[in-house]
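Each remark here refers to the structure printed beneath this line.
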Amino acid sequence: MADFCAEWNAPQTTITTFDLDYLATAHRHGTAGTGCFGMRSMWGNMADMLDRLHQLFPDAATDVDVLTRAFGPLHFIHLTRRDKLAGAVSLAMAAKTGLWHRNADGTERERLAPAGAPVYDAALIARELAELVNEAKEWDRWFDAQNITPLRLTYEDVAADPQAELARMLSFLGKDPALARFVKPATQRLATTLNEDWAARFRKERG
């Protein structure tokens with residue numbers, strides 16, 4: 001939150017006032033003049049976010065209620081990956097190399113550490129795999145508990161045909177799906193044959 005505050009020039013005052021100011025600023029930046037607010041939430045952030053929001057809106061009975069109080073009417077889109085091992089390998093590769101995203105033209109978009117060598121690490125891959133599997137279960141459990149039926153997308157389908165999957169999302173949101181034709185992906189896949197080699201090696205070692 002401190003990083004976003006610095007980027008958005010959001011005021012930091014008392015806890016309650018800060019959270020309300022932060023929420024308003026996040027909503028403004030997440031809307032970006034489109035009239036439609038969007039937010040990506042990772043499972044690892046949900047508990048802290050919901051706890052703070054329940055403190056702001058103590059009369060909200062459920063998690064969906066408190067999220068609606070904070071952000072307005074909601075649509076949930078759940079993006080997951082069928083091949084969890086491939087996802088774990090990608091996370092391990094990013095951790096080793098420090099590079100997390102490239103722009104569509106191949107230039108670096110997000111680097112979180114100095115460039116490092118992509119050294120195979122079975123223990124790291126196993127930890128990432130276990131976390132991905134657990135996160136998928138926790139999301140499903142939460143959706144069931146909150147009586148939510150999300151639009152479900154997979155990384156594989158989005159990567160194969162981003163315009164078609166974007167059209168599905170737009171329809172789900174009550175927007176014109178034809179708008180997807182004019183949108184080009186802003187990122188480039190990082191995976192190479194080395195990712196496939198690591199996954200094959202991991203499968204072989206783990207039986």
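The table below lists the values:
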item	result
Pick from region 150-180, criterion in contact (Cβ under 8 Å) with a residue 40 or more places away in the chain and outside any helix (DSSP H, G or I), ranking: farthest from the chain's Cα centre (by Cα)	175
Some residue of region 48-60 being acidic (Asp, Glu) and either in contact (Cβ under 8 Å) with a residue 40 or more places away in the chain or crowded, with 16+ Cβ neighbours inside 10 Å (or both)	no
Meets criteria (more than 14 Å from residue 191 (Cα to Cα), over 19 Å from the mean Cα position of the chain (by Cα), assigned to a helix (DSSP H, G or I) and not hydrophobic (A, V, I, L, M, F, W, C)) for residue 141	no
Checking residue 57 against (1) touching a Lys or Arg at 6+ places or on another chain (Cβ under 9 Å); (2) modelled with pLDDT of 95 or more, the condition it does not meet	(2)
Subset of region 118-152 [exposed (fewer than 15 other Cβ atoms within 10 Å of the Cβ), touching a Lys or Arg at 6+ places or on another chain (Cβ under 8 Å) and closer than 18 Å to residue 79 by Cβ]	133
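Results for (1) surrounded by fewer than 12 Cβ atoms within 10 Å (Cβ to Cβ); (2) touching a helix residue (DSSP H, G or I) at 6+ places or on another chain (Cβ under 6 Å); (3) among the β-branched types (Val, Ile, Thr); (4) modelled with pLDDT of 95 or more, shown as yes or no for each residue.
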| site | (1), (2), (3), (4) |
| --- | --- |
| 73 | yes, no, no, no |
| 79 | no, no, no, yes |
| 82 | yes, yes, no, yes |
| 103 | no, no, no, yes |
| 112 | yes, no, no, no |
| 116 | yes, yes, no, no |
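Per-residue answers, yes or no, for (1) under 30 Å from residue 24 (Cα atoms); (2) free of Cβ contacts under 8 Å to residues at least 24 places away in the same chain; (3) not aromatic (Phe, Trp, Tyr):
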{"site": "63", "(1), (2), (3)": "yes, no, yes"}
{"site": "67", "(1), (2), (3)": "yes, yes, yes"}
{"site": "72", "(1), (2), (3)": "yes, no, yes"}
{"site": "77", "(1), (2), (3)": "yes, no, yes"}
{"site": "85", "(1), (2), (3)": "no, no, yes"}
{"site": "89", "(1), (2), (3)": "no, no, yes"}
{"site": "92", "(1), (2), (3)": "no, no, yes"}
{"site": "95", "(1), (2), (3)": "no, no, yes"}
{"site": "106", "(1), (2), (3)": "no, no, yes"}
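The values are calculated or read from the model by the stated rules, or taken from the named source; none is laboratory data. These numbers were taken from a predicted model, which means no experiment stands behind them. Because the Cβ atoms are built from the backbone with ideal geometry, glycine has one as well, and the counts that use them run over all protein chains shown.
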